[in-house]
Amino acid sequence: MDTLFIGNHWIKLDEISSTNDWLMSRILNEQFLEGTVVVASSQTNGKGQRGNKWFSQPYKSLTFSVLLKPSFLSPIHAFDLSICVALALSDSLNKLRSGFKIKWPNDIYFQDKKIAGVLIENQMSQFVYQNAVVGIGLNVNQLHFDDLSNAISLQQIIGLEFPVEKVMEHICESLEARYLMLRSGHFKDLKKAYMSNLYGLNQLQSFMVDNKKLNGKIINVHRNGFLQIELIDGKICDYDIKEIKFLS
Ligand code: BTN
């Protein structure tokens with residue numbers, strides 16, 4: 001792997017419940033270097049965002065977690081890290097072919113289907129960001145998704161089988177590049193890249209808020225991660241991830 005620290009140490013496991021849980025529970029009592037990667041061939045209890053499960057097919061999908069220690073980042077700017085991870089994923093996939101987009105906050109889509117998801121779990125005190133366990137799930141060689149009508153894999157998009165660990169190495173390289181930008185204070189450039197690759201920016205679409213359907217356009221994402229929407233009546237509203245759902 002062509003990196004300075006991400007992936008210098010990696011732990012390969014066969015079957016575990018979740019790479020995020022594995023790392024989160026161990027960093028409480030053991031010292032791990034920043035950039036440590038834990039990858040599992042199979043996850044039995046993969047976790048997604050909003051308490052959802054993350055389904056993956058053993059050996060065919062990529063499920064891994066990277067330990068970062070963003071102590072330079074204020075906990076109130078935790079969303080900056082989310083931006084880096086989403087960009088790293090879209091950077092590495094767009095090198096294979098164009099068309100991969102970031103769906104707010106950090107899902108990766110190809111057209112209207114999801115190929116990858118991110119779950120970042122943090123350990124922080126009031127003022128210090130200590131550890132971030134960055135969990136990434138990417139559909140690589142799956143050809144069937146039982147109940148997930150909006151899922152797609154790299155093989156389905158490109159028509160080739162990919163070596164799962166090679167894909168992981170490329171993601172780690174892109175992640176390090178974006179993380180180093182963040183570490184050296186290039187937040188504006190990161191935000192610009194994120195916005196220019198955001199799915200549905202300035203396009204009229206439907207959302208669900210408080211069991212009500214709303215129509216509007218995404219016009220911005222704030223630094224705290226809130227989504228800014230201009231509703232069709234011209235009103236501008238901000239929503240966090242727990243409040244709003246995409247309807248398409
Ligand atoms: C989502 O889109 O809801 C986030 C999915 C994140 C899945 C990855 S797979 C590796 C890591 N371990 C987990 O249990 N979850 C993340």
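Summary of values
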{"quantity": "Given (1) crowded, with 19+ Cβ neighbours inside 10 Å; (2) at positive phi, number of the condition G99 does not satisfy", "calculated": "(1)"}
{"quantity": "Scan of the stretch 7-22 for residues that are out of contact with any helix residue (DSSP H, G or I) (no Cβ under 8 Å at 6 or more places or on another chain) and more than 10 Å from the ligand (Cβ to nearest atom), ordered by number", "calculated": "N8, H9, W10, I11, K12, D14, E15"}
{"quantity": "Only listed residue being under 15 Å from the mean Cα position of the chain (by Cα) and not hydrophobic (A, V, I, L, M, F, W, C), chosen from K95, K166, K103", "calculated": "K103"}
{"quantity": "Candidate set: the stretch 195-248, residues that are of a type outside the set (A, V, I, L, M, F, W, C), touching a residue at least 40 places away in the same chain (Cβ under 8 Å) and over 21 Å from F79 (Cα atoms); chosen: the one surrounded by the fewest Cβ atoms within 10 Å (Cβ to Cβ)", "calculated": "S248"}
{"quantity": "Selection status of L4, farther than 24 Å from D147 by Cβ, more than 8 Å from the ligand (Cβ to nearest atom) and out of contact with any Asp or Glu (no Cβ under 7 Å at 6 or more places or on another chain)", "calculated": "no"}
{"quantity": "Qualifying residue in the stretch 198-213 (condition: of a type in the set (G, A, S) and over 30 Å from N141 (Cβ atoms))", "calculated": "yes"}
{"quantity": "Single unsatisfied condition, S25 versus (1) more than 25 Å from E173 (Cβ to Cβ); (2) more than 8 Å from the ligand (Cβ to nearest atom); (3) assigned to a loop (DSSP other than H, G, I, E, B)", "calculated": "(3)"}
{"quantity": "Matching residues in the stretch 144-165 - criterion: being in a loop (DSSP other than H, G, I, E, B), modelled with pLDDT of 95 or more and of a type outside the set (D, E, K, R)", "calculated": "I152, S153, G159, L160, F162, P163"}
{"quantity": "So A40, is it buried (at least 19 other Cβ atoms within 10 Å of the Cβ), free of Cβ contacts under 8 Å to residues at least 40 places away in the same chain and small (G, A, S)", "calculated": "yes"}
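The values are calculated or read from the model by the stated rules, or taken from the named source; none is laboratory data. None of these values were measured; they are calculated from a predicted model. Note: ideal-geometry Cβ built from the backbone for every residue, glycine included; neighbour counts use all protein chains shown.
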